[in-house]
Amino acid sequence: MSNRRELPDSPYLAAVAGRTPAHVPVWFMRQAGRSLPEYRELRAKHKMLDSCFDADLVTEITLQPVRRHGVDAAILFSDIVVPLRAAGIDLDIVPDVGPVIANPIRTAADVASIRPLERQPVAPVAEAVGNLVRDLGDVPLIGFAGAPFTLASYLVEGGPSKNHERTKAMMLGDEPTWHALMEALVDITVEFLRVQVDAGVDAIQMFDSWAGTLSLADYRTYVLPHSTRVFTAMAEAGVPMTHFGIGTAELLGAMSEALGDGPARMVGVDWRTSLTAAAGRVGAGRALQGNLDPVVLMAGWDVVQRRARDVLADGRAAVEAGAAGHVFNLGHGVLPATDPVLLTDLVALVHEQ
């Protein structure tokens, strides 16, 4: 049973649901952000994955950007490989590299060895959600998970990849093994999201970071059915759901389809696609999230405020074109070198519009 709160005055929840928010809501992906000195101080003492399984650290790191920036939503501090580690897959997050898999998944036997996710190993995540629901007041908490395709890419490649050659080779050349892998990852993803919803998150987002490496035809054949199954399973929870990927301009319509019918569905848009164009691709009734280029924050405040106002104007035009609402965000995560003061000032600018 969900411990979800009633937050009728949340601008974020209003915008996702197609209601008129008091102001344009804003939050930042990777907002815990490698840019915050208080975050870096904690991370200097704790490895990434260790932090993700420590309820007190998850709570504190999730709260840091809310305290500092005054954003309209918090996103749970975690990582997309957390449920894989909790399911027994030997992996680590290597600094300046990313997730590294000790024994990559390459064969049908490897896929068959993947265990379901049980709740006990992710109990600290649920505990942290409970803490945050208590501490966030009227700020909603977004839970999240990695999408099956992106998780599969890490597992098959053994780590980050530029061309995803092993992943695509399995996908195209060994379809039974590919679909079996995706089905196993759907089950893990759904269970991880259910843990978060049951503990009280107010919304969820699924990140398909590497989906943009695919053609639309391949996405529809090899990925869409599995992503759809995640959102279909989560629809019964009744929380707002967001689907996001990088370089996915050609996939936005299909990614919107994966969300299924129903209220409070949102598609994240990176900086390469205008929100107005995205509104036409995802279809009427979907809210949009995005989409300031994170690198703009390196160009100084004059540029930041000008480009932010452009995004806000684009968001208004997208709503006029049929989008249900607009949540301001970056088109991807906050870069480590970002000045936190600029992020705080950006939140204030968005709120003033």
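Quick notes
This table checks each residue for (1) farther than 23 Å from Ser209 by Cα; (2) surrounded by fewer than 20 Cβ atoms within 10 Å (Cβ to Cβ); (3) more than 21 Å from the chain's Cα centre (by Cα).
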{"position": "Val311", "(1), (2), (3)": "no, no, no"}
{"position": "Ala321", "(1), (2), (3)": "yes, yes, yes"}
{"position": "Phe328", "(1), (2), (3)": "no, no, no"}
{"position": "Leu346", "(1), (2), (3)": "yes, no, no"}
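- Flag for Arg115 being of a type in the set (Lys, Arg) and either over 30 Å from Ala22 (Cβ atoms) or touching a Lys or Arg at 6+ places or on another chain (Cβ under 9 Å) (or both): yes
- Residue match in region 288-308 (condition: in contact (Cβ under 8 Å) with a residue 60 or more places away in the chain and either hydrophobic (A, V, I, L, M, F, W, C) or under 20 Å from Arg40 (Cβ atoms) (or both)): no
- Checking each residue in region 52-76 for being out of contact with any Ser or Thr (no Cβ under 8 Å at 6 or more places or on another chain), in a helix (DSSP H, G or I) and either farther than 15 Å from Pro11 by Cα or not β-branched (Val, Ile, Thr) (or both) picks out Ala55, Asp56, Thr59, Glu60, Thr62, Leu63, Gln64, Pro65, Arg67.
- Within region 203-216, considering residues that are under 14 Å from the mean Cα position of the chain (by Cα) and either at pLDDT below 95 or not in a helix (DSSP H, G or I) (or both), the one nearest to Met170 (Cα to Cα): Trp210
- Candidates in region 147-178 are the residues that are in contact with a Ser or Thr (Cβ under 7 Å, 6 or more places away or on another chain) and among the small types (Gly, Ala, Ser); of these, the one that is surrounded by the fewest Cβ atoms within 10 Å (Cβ to Cβ) is Ser161.
Matching residues to (1) closer than 23 Å to Pro95 by Cα; (2) without any contact (Cβ under 8 Å) to a residue 12 or more places away in the chain:
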position: Ala147; (1), (2): yes, no
position: Ser153; (1), (2): yes, no
position: Val156; (1), (2): yes, no
position: Pro160; (1), (2): yes, no
position: Ala169; (1), (2): no, yes
position: Trp178; (1), (2): no, no
position: Ala184; (1), (2): no, no
position: Asp187; (1), (2): no, no
position: Gln196; (1), (2): no, no
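- From the options Leu181, Leu91, residue that is surrounded by fewer than 23 Cβ atoms within 10 Å (Cβ to Cβ), more than 20 Å from the chain's Cα centre (by Cα) and of a type in the set (A, V, I, L, M): Leu91
- Selection from region 260-285 of residues that are aliphatic (A, V, I, L, M) and either touching a Gly at 6+ places or on another chain (Cβ under 7 Å) or surrounded by 24 or more Cβ atoms within 10 Å (Cβ to Cβ) (or both): Met266, Val267, Val269, Leu275, Ala278, Ala279, Val282, Ala284
- Filter pass, Thr242 being polar (S, T, N, Q) and within 15 Å of the chain's Cα centre (by Cα): yes
- Test set (1) in contact (Cβ under 8 Å) with a residue 60 or more places away in the chain; (2) assigned to a helix (DSSP H, G or I); (3) among the charged types (D, E, K, R) - Arg134 fails condition number: (1)
- Residue in region 21-43 that is at pLDDT 95 or above, of a type in the set (Ser, Thr, Tyr) and surrounded by 19 or more Cβ atoms within 10 Å (Cβ to Cβ) present: no
- Test for Asp79: is it among the charged types (D, E, K, R), crowded, with 18+ Cβ neighbours inside 10 Å and either outside any helix (DSSP H, G or I) or modelled with pLDDT under 95 (or both): no
- Hits in region 286-309 - residues which are closer than 17 Å to Ala203 by Cβ and either surrounded by fewer than 14 Cβ atoms within 10 Å (Cβ to Cβ) or out of contact with any helix residue (DSSP H, G or I) (no Cβ under 9 Å at 6 or more places or on another chain) (or both): none
- Looking across region 198-237, just one residue is of a type in the set (Gly, Ala, Ser), within 29 Å of Val129 (Cα to Cα) and without any contact (Cβ under 8 Å) to a residue 40 or more places away in the chain, and that is Ala235.
- Candidate set from region 4-20 (those that are surrounded by 14 or more Cβ atoms within 10 Å (Cβ to Cβ) and in contact with a helix residue (DSSP H, G or I) (Cβ under 7 Å, 6 or more places away or on another chain)); member that is modelled with the lowest pLDDT: Arg5
The values are calculated or read from the model by the stated rules, or taken from the named source; none is laboratory data. Computed from a prediction, not measured in an experiment: that's the story for all the values here. Quick reminder, even Gly has a Cβ in these numbers, built from the backbone with ideal geometry, and neighbours come from all protein chains shown.
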